[in-house]
Amino acid sequence: MSGQRIVIAGASGFMGRYFARRFREDGDTVVTVGRSGADVVWGDTAALEAAIDGADLLLNLAGKSVNTRYSDKNRAAIFSSRLLTTGELGRAVETVPNPPALWLNSSTATIYRHADDRPMTDADGQIGNGFSVNVATAWEREFFAHSRDGVRQVALRMAIVLGDGSALSPLLSLTRIGLGGPHVGGKTAGARQMFSWVHIDDVYRAIRFIQTDAAIDGPVNVAAPRPVTNRELMGTLRRVLGVPFGLPLTRWMLELGSFAIHTETELLLKSRWVLPTTLEAEGFEFEHPELEGAVRAITGTAAEAPRVP
């Protein structure tokens, strides 16, 4: 599959940088779109159309990180950074003579409701409510509003992506300072609160898989097949980091810890239980199906050797 031209919008984030490197290592030409330091700058319509015309794949990852405090300014930026960029790409796709055969747009598995009773699949996942859900639904609505014959569109409903510099960072930070116990505040206690995740390498592999499988279109869950409870998550992080104890986290402690590391408790308290039913039904196999192995691969931490009796 080498020798393709790949356009990546929002390539300055940790996922964009990773994917650009991987595509180039695979022998593809990567054209980046961004605010600065990119091959094409937002607002340059002619350059954007030239980049997209004849491209093999358009991958849109643009959007301000939700791993921040939800001030009015940040909320507005989170919305606009997704909707305006997706709309700009959509108008280019509708205009160019030779649009890409596949347009992948980042989305989020947070679009589903708080789920501790059953998993959310591609076929029967229930849309939730709240700020993050509103962002996700508006984002997908803008994406699919720019349909065109011959262009397959897939919204990547990604679980929390784990990698160097990802949303794993605040959880590791909480664990290192002794706040790596189960969450006991919010809607769901740690034994029932679910955590769906996916290793960034498997996201890249899923992108390549979707390229080759024309049967996949529309919204697609991109999540590891073995989600864990919050209690299992925090226990895994303590084990990997060698932290023997973590205080159980009440709501007020989460608020304090989230403020200290400049994030929101929503990222820590929502129960995300998502399964990749479409990908698995089509035959995709995950390289990192287990959380501990994924976290150890990211942190460079080897598992302890088993004790010899």
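Here are the numbers for the structure shown:
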{"item": "Residues of segment 8-39 satisfying the condition of being of a type in the set (A, V, I, L, M) and without any contact (Cβ under 8 Å) to a residue 24 or more places away in the chain", "result": "Ala20"}
{"item": "Among the residues listed as Thr137, Thr175, Thr121, Thr110, the single one being free of Cβ contacts under 8 Å to residues at least 60 places away in the same chain and not charged (D, E, K, R)", "result": "Thr137"}
{"item": "Residue in segment 1-23 that is surrounded by the fewest Cβ atoms within 10 Å (Cβ to Cβ), counting only those that are at pLDDT 95 or above and over 21 Å from the mean Cα position of the chain (by Cα)", "result": "Gln4"}
{"item": "Qualifying residue in segment 97-110 (condition: within 20 Å of the chain's Cα centre (by Cα), assigned to a helix (DSSP H, G or I) and not aliphatic (A, V, I, L, M))", "result": "yes"}
{"item": "Count - residues of segment 144-179 that are of a type in the set (Lys, Arg), buried (at least 19 other Cβ atoms within 10 Å of the Cβ) and assigned to a helix (DSSP H, G or I)", "result": "0"}
{"item": "Some residue of segment 68-75 being under 14 Å from Val7 (Cβ atoms) and surrounded by 17 or more Cβ atoms within 10 Å (Cβ to Cβ)", "result": "no"}
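The values are calculated or read from the model by the stated rules, or taken from the named source; none is laboratory data. Remember, predicted model here, so these are calculated numbers, not experimental data. Methodologically, a virtual Cβ is constructed for each residue, glycine included, from the backbone with ideal geometry; neighbour enumeration extends over all protein chains shown.
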